[in-house]
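Written out below as structure tokens is the structure these notes cover.
The values are calculated or read from the model by the stated rules, or taken from the named source; none is laboratory data. No experiment lies behind these values; they were computed from the predicted model shown. FYI the Cβ positions are ideal-geometry reconstructions off the backbone, even for glycines, and counts take in every protein chain you see.
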Amino acid sequence: MSDRNITTRSSSQAIDRFIKQADKTPVVARREGRLIFALDATASRQPTWDTACQLQSELFLATRDLGGLAIQLVYYRGFKEFHASPWLTQTERLLKEMNRVTCLGGHTQIARVLKQAIRETREQAVKAVILVGDCCEEKADDLCQLAGELGMLRTPVFAFQEGHDIDAQRVFQQIAQLSGGAYVPFDHRSPAVLKDLLGAVAVYATGGKQALEDFQARHGGEVKRLTRQLK
């Protein structure tokens, strides 16, 4: 038998072994950056909810070059009504979920939002939580305890407050600080600001702080204020 035949047979055997080994190797699915999008849907929130519906696509558009993004829509309204959607990866599905909602009067349920974030991130890391609201009717100490737990889990809360309620401002700032996130106020009459803020957090959830800094360089303004607060 010639050396050429021996070499050919050895190469063929090596290829067969490689194929068999590859068949046994598990395929690791790519995991999207996970983000909880939590909104106050009590009675006073309808104008901002409508604005958020118009801007929700920014969450996906801002991250299209960074990899996948999975969003869970969370909201509270009415008498102890609290909802958390499945994890969504398409803007059409998120918009469909949001369009079903009509705001109803009721008390805030921020504690339930934070508990939902803790529960989800213990199953699989949640990279960021967006909390949009205008007031807080809960005990600050209880919320700060939950925010601290999220900080330990490295799940930052980005608290975006509409309006000028001083008590809510203090609580939102503490939630952001204890969780390792950021606090930024906004006015629903300036949707461009909220658009940039949503995009910034989506970018952070998908690409981390470096991606956020690149995003900030293109947008500045309130995005810069947000970035400066991150630990």
Looking only at residues in the range 66-107 that are surrounded by 13 or more Cβ atoms within 10 Å (Cβ to Cβ) and basic (Lys, Arg), which one is farthest from ASP214 (Cα to Cα)?
ARG77
Set ASP187, ASP196: member being acidic (Asp, Glu) and exposed (fewer than 15 other Cβ atoms within 10 Å of the Cβ):
ASP187
Quick one: in the range 46-65, which of the residues that are free of Cβ contacts under 8 Å to residues at least 60 places away in the same chain and part of a helix (DSSP H, G or I) is nearest to ALA211 (Cα to Cα)?
SER57
Regarding THR206, is this residue outside any helix (DSSP H, G or I) and among the hydroxyl-bearing types (Ser, Thr, Tyr)?
no
So which residues in the range 75-103 are farther than 27 Å from GLY180 by Cβ and either part of a strand (DSSP E or B) or touching a Phe, Trp or Tyr at 6+ places or on another chain (Cβ under 6 Å) (or both), if there are any at all?
ARG77, GLU81, THR91, CYS103
Just to be sure, is VAL132 closer than 23 Å to ALA41 by Cβ, among the β-branched types (Val, Ile, Thr) and surrounded by fewer than 22 Cβ atoms within 10 Å (Cβ to Cβ)?
no
Residues to consider are LEU55, LEU69; find the one that is modelled with pLDDT under 90 and touching a helix residue (DSSP H, G or I) at 6+ places or on another chain (Cβ under 8 Å).
LEU55
How many residues does the range 104-161 contain that are in a loop (DSSP other than H, G, I, E, B) and either touching a residue at least 24 places away in the same chain (Cβ under 8 Å) or in contact with a strand residue (DSSP E or B) (Cβ under 8 Å, 6 or more places away or on another chain) (or both)?
19
When you go through (1) modelled with pLDDT of 90 or more; (2) touching a strand residue (DSSP E or B) at 6+ places or on another chain (Cβ under 6 Å) one by one for HIS188, which number turns out not to apply?
(1)
